[in-house]
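Have a look at the structure below, then the notes.
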2 protein chains.
Amino acid sequence: MPYLMLKKLPHYECLEALARQYPELDPSATDAFLHLLRAADELFSAREQSLSTHGISCGRFAVLMQLWDKQNNRPTPQTPAELAEVAGVTRATMTGLVDTLERDGLVRREPAPTDRRMMTVHLTEQGRELLARVLPSHFRLAGELLAPLTEEERRTLVRLLAKILPAQTDPVGLDLASRSLP
Amino acid sequence: MPYLMLKKLPHYECLEALARQYPELDPSATDAFLHLLRAADELFSAREQSLSTHGISCGRFAVLMQLWDKQNNRPTPQTPAELAEVAGVTRATMTGLVDTLERDGLVRREPAPTDRRMMTVHLTEQGRELLARVLPSHFRLAGELLAPLTEEERRTLVRLLAKILPAQTDPVGLDLASRSLP
DNA sequence: CTTCGTCGGTTAGCCCCCTAACTATAAGGG
DNA sequence: CCCTTATAGTTAGGGGGCTAACCGACGAAG
């Protein structure tokens with residue numbers, strides 16, 4: 001599922017030529033824009049492929065990670081609305097994700113005791129076992145993909161990217177231990 | 001359609017803590033990995049939203065750009081297989097894309113004269129008009145999104161990203177004028 | 001206590017991606 | 001000439017996003 005439907009990026013000279021025709025086009029910005037989408041596509045595909053060998057998709061894995069309390073290895077029940085919030089998808093989408101996860105026995109829905117509108121989603125034993133199988137190779141993947149960059153270069157990259165998405169990082173710093181990283 | 005289903009990224013200290021539990025986890029690599037996906041998600045969403053105001057999706061726009069000969073502003077017929085190749089999707093996917101584009105009158109299928117298996121896809125006048133409306137704002141978008149970075153920083157970013165995806169840029173340098181940039 | 005707005009979850013319908021299988025044509029070898 | 005193989009495009013079915021509309025439950029205001 002390509003973000004950037006263009007396998008080979010245009011050369012910088014091509015961008016400059018087009019910029020002479022379209023004054024709105026900023027060659028250096030467009031070049032960076034395309035490279036960023038292209039690289040993200042590559043990383044995302046690698047992650048997706050790695051997860052698919054365990055029979056799971058990125059979205060499903062993200063939900064499992066949210067439900068996984070890594071401190072004591074016990075599940076953290078959450079409502080679909082909370083899960084949708086942290087994942088950045090709609091509640092309708094989360095309904096579908098939890099549906100397939102429940103169908104595969106990785107997750108269990110239970111009515112919330114306090115509010116009869118709400119459900120709580122729980123990781124099953126099977127779900128925990130799947131995470132235990134997936135996590136090491138998943139953690140290893142980022143290291144392999146970023147291997148061409150030195151520590152210094154990675155820091156530079158993060159710094160530049162952070163300038164593009166200013167307010168996306170958690171500004172508070174609380175809740176460190178319970179954050180997940182799909 | 002989020003690439004990274006995690007709106008706020010974990011803090012670096014959280015990654016380090018998790019790395020003590022999972023030796024496979026490389027904190028700096030994971031941090032860069034997550035930032036890259038997050039930033040790409042942001043850029044992609046902005047692009048998608050900008051295009052949607054013109055009633056078109058990213059995939060459809062990419063196909064139109066491929067069919068658009070920017071030199072003489074005349075359509076460049078291509079087969080669905082060629083389009084799928086440069087876009088990096090399957091032929092089946094391209095069938096669907098061309099279906100909707102043809103339904104909306106932006107594109108026209110014609111049988112290829114030389115090989116009765118093949119079709120050629122042509123941009124219609126309506127498709128050209130849509131591109132003419134969309135392109136300026138689309139070109140402007142990359143400039144706005146990358147505005148927080150200086151020229152120098154953009155070059156650095158491209159250089160680092162290129163190290164992650166080594167062989168993705170067209171190595172030959174031919175065919176400059178006919179390349180498109182969605 | 002009733003009513004009305006709000007909120008959680010689901011459903012329906014659409015788009016776009018995939019794989020696998022199919023049809024029709026082309027092309028090459030006995 | 002037929003038979004096999006390869007190729008172009010489509011179809012069928014599934015996953016996973018989205019919006020819009022809906023239902024039931026909550027809660028506050030009258």
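Taken together, the values in this text are just the output of simple stated rules run on the coordinates, not laboratory data. Owing to the predicted nature of the structure, the values given are computational and were not obtained by experimental measurement.
Side notes on the structure shown:
- Within the protein assembly as shown, helix-based [θ] at 222 nm, where runs of 4 or more DSSP H residues each add -39,500 (n - 2.57), nearest 500: -18000 deg cm²/dmol
- Normalised by residue number, the volume inside the convex hull of the Cα atoms of segment A:1-153 is 171 Å³ per residue.
- Residues whose amide H falls under 5 Å from that of A:Met119, counting only those 5 or more places apart or on a different chain, are A:Ala112, with hydrogens built in the peptide plane.
- Scaling against 2.2 N^0.38 Å puts the C-alpha radius of gyration of the protein assembly as shown at 1.07.
- Applied to segment A:128-143, the Karplus parametrisation 6.51 cos²θ - 1.76 cosθ + 1.60 on θ = phi - 60° returns per-residue 3J(HN,Hα) values of 5, 5, 4, 4, 4, 6, 7, 4, x, 5, 5, 5, 5, 4, 4, x Hz, with x for Gly and Pro.
- Helix B:27-52 and the longest principal axis of the C-alpha atoms of chain B enclose an angle of approximately 30°.
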